[in-house]
Amino acid sequence: MSKEIKHPPKIEKTPEKNILQQSLGALKQSLTVHPILAFLEGFDSFFKKKKRSLTNNEVLFTPGENPNFYIISSGALSILRMTPTGEKKEVGRAYTGSFIGEWVLFDRNQKDVEAVAIGEWASVVTLTKADITYLESLHPEKILALYKYIIEVSNSRLLDSGKELASIYEMNMKIDELSKFGEQGFRDIVDHISKTISVDYILLVEQHPVVKNLLVYKYDSHSPYSGPINQKVAGELQTNELAGEKLSTGAILGTEINDNLYILPLKNRENLKGYFILGKKNKETFADIDIRMMNNIAPLLGSMIENNQTLAEKKAMSFKQGNF
């Protein structure tokens, strides 16, 4: 009886045409997400000479005259604005496929913000109006499409800015209304903010009014307990803590390991009054608009903490003197 010979199953190779179609599909998707990167691809040899890599925290530009238009080809930049008190506040971020300083193309060179690289992967393509004019002479139809795209994005930014200003105004009015109720009002403010912006919870930490460098937990928006916590912060935060995101170790009260935290200092003038700790579960990132809103109202919250502490001190003094 002859033994049947079994041949290994035939493995069909994916046709090169299918691979090409998959690549084209991925390319189309990337162009939909970042149209301006598609524009760069059309002038690859030219833009390679204009590309610049940035190290972490490297300043791309500061406020003042600046004739450059920047396209972020990879990574992210933090956009900072100087406050009237001389502090730098983050007002937004620019990510891969976005651009900064587009008004240079329309003869407006003044920049009123600072741009700083975040992480080690940031790179930008730096252009002047002369560069765009040169490219316009080569491919006017492509530059026209670029102008249209820039105008669309700029108009969208202006619309979003208007909505954001309205939200900030509403938030300030609500804080002003609740501030009249002292400590309870501040608790209501914490709850209101935690429901208004896209965070999972907010912790309030206060600087002790008398003991220097002593921080105390005051409120936790996801705690059922309605009164002040008044628990000492045991070294998880320092009074020189910088604003910004950090990954939780779970040591801060009410947080869990790998929660994404945003530490927001609350100051009255230059004096630290406490921190808002914004919490997001599972490393979820913070929306730029929420961070900008919180930075905007932070001085008001710092002033409120000082007013509440002053009022509490007066009440305590009055109680000691028997004037109650």
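The values are calculated or read from the model by the stated rules, or taken from the named source; none is laboratory data. Keep in mind it's a predicted model, so treat the numbers as computed, not measured. Please note: Cβ atoms are built from the backbone with ideal geometry, for glycine as well, and neighbour counts cover all protein chains shown.
Residue by residue, here is whether (1) in the same structural domain as residue 81 (by TED's automatic domain parsing); (2) touching a Phe, Trp or Tyr at 6+ places or on another chain (Cβ under 7 Å); (3) buried (at least 18 other Cβ atoms within 10 Å of the Cβ) holds:
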{"position": "214", "(1), (2), (3)": "no, no, no"}
{"position": "253", "(1), (2), (3)": "no, yes, no"}
{"position": "257", "(1), (2), (3)": "no, no, no"}
{"position": "270", "(1), (2), (3)": "no, no, no"}
{"position": "290", "(1), (2), (3)": "no, no, yes"}
{"position": "296", "(1), (2), (3)": "no, no, yes"}
{"position": "307", "(1), (2), (3)": "no, no, no"}
* Asked: residue 269 is checked against (1) modelled with pLDDT under 85; (2) within 15 Å of residue 203 (Cα to Cα); (3) charged (D, E, K, R) and fails just one. What number does that condition carry?
  -> (2)
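Rundown of residues vs (1) outside the structural domain of residue 48 (by TED's automatic domain parsing); (2) free of Cβ contacts under 8 Å to residues at least 12 places away in the same chain; (3) of a type in the set (S, T, N, Q), yes/no style:
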| residue | (1), (2), (3) |
| --- | --- |
| 65 | no, no, no |
| 69 | no, no, no |
| 78 | no, no, yes |
| 91 | no, no, no |
| 116 | no, no, no |
| 123 | no, no, yes |
| 129 | no, no, no |
| 134 | no, yes, no |
* Which one of these does residue 201 not meet: (1) hydroxyl-bearing (Ser, Thr, Tyr); (2) touching a residue at least 40 places away in the same chain (Cβ under 8 Å); (3) surrounded by fewer than 16 Cβ atoms within 10 Å (Cβ to Cβ)? -> (3)
* Asked: In this structure, is residue 242 loosely packed, with under 13 Cβ neighbours inside 10 Å, in contact (Cβ under 8 Å) with a residue 12 or more places away in the chain and under 22 Å from the mean Cα position of the chain (by Cα)?
  -> yes
* Asked: Considering 180, 218, 232, 212, which residue is over 22 Å from residue 90 (Cα atoms) and in contact (Cβ under 8 Å) with a residue 40 or more places away in the chain?
  -> 218
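Among the residues in region 283-305, are any part of a strand (DSSP E or B) and within 25 Å of residue 92 (Cβ to Cβ)?
Among the residues of region 283-305, not one is part of a strand (DSSP E or B) and within 25 Å of residue 92 (Cβ to Cβ), which makes the answer no.
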* Asked: Of the residues in region 68-121, how many are at positive phi and hydroxyl-bearing (Ser, Thr, Tyr)?
  -> 0
* Asked: Given region 45-148, what strands (runs of 3 or more DSSP E) lie entirely inside it while holding 2 or more residues that are exposed (fewer than 14 other Cβ atoms within 10 Å of the Cβ) and modelled with pLDDT under 90?
  -> 114-128
* To do: Would you be able to tell me the number of residues in region 144-153 that are touching a Phe, Trp or Tyr at 6+ places or on another chain (Cβ under 9 Å) and either among the charged types (D, E, K, R) or without any contact (Cβ under 8 Å) to a residue 24 or more places away in the chain (or both)?
  => 0
* To do: Please indicate, with yes or no, whether at least one residue in region 216-234 is out of contact with any Cys (no Cβ under 6 Å at 6 or more places or on another chain), among the aromatic types (Phe, Trp, Tyr) and surrounded by 12 or more Cβ atoms within 10 Å (Cβ to Cβ).
  => yes
* Asked: Restricting attention to region 99-142, which residues are within 16 Å of the chain's Cα centre (by Cα) and farther than 16 Å from residue 52 by Cβ?
  -> 113, 114
* When region 186-204 is examined, which residues are found to be under 19 Å from the mean Cα position of the chain (by Cα), among the aliphatic types (A, V, I, L, M) and not in a loop (DSSP other than H, G, I, E, B)? -> 193, 202, 203
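Answer yes or no as to whether residue 222 is assigned by TED's automatic domain parsing to the domain that holds residue 235 and assigned to a loop (DSSP other than H, G, I, E, B). Explain how you work it out, then say what you get.
On the way: assigned by TED's automatic domain parsing to the domain that holds residue 235: yes; assigned to a loop (DSSP other than H, G, I, E, B): yes.
Yes: the conditions hold for residue 222.
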* Report yes if some residue within region 26-36 is at pLDDT below 70, of a type in the set (Val, Ile, Thr) and surrounded by fewer than 16 Cβ atoms within 10 Å (Cβ to Cβ); otherwise report no. => yes
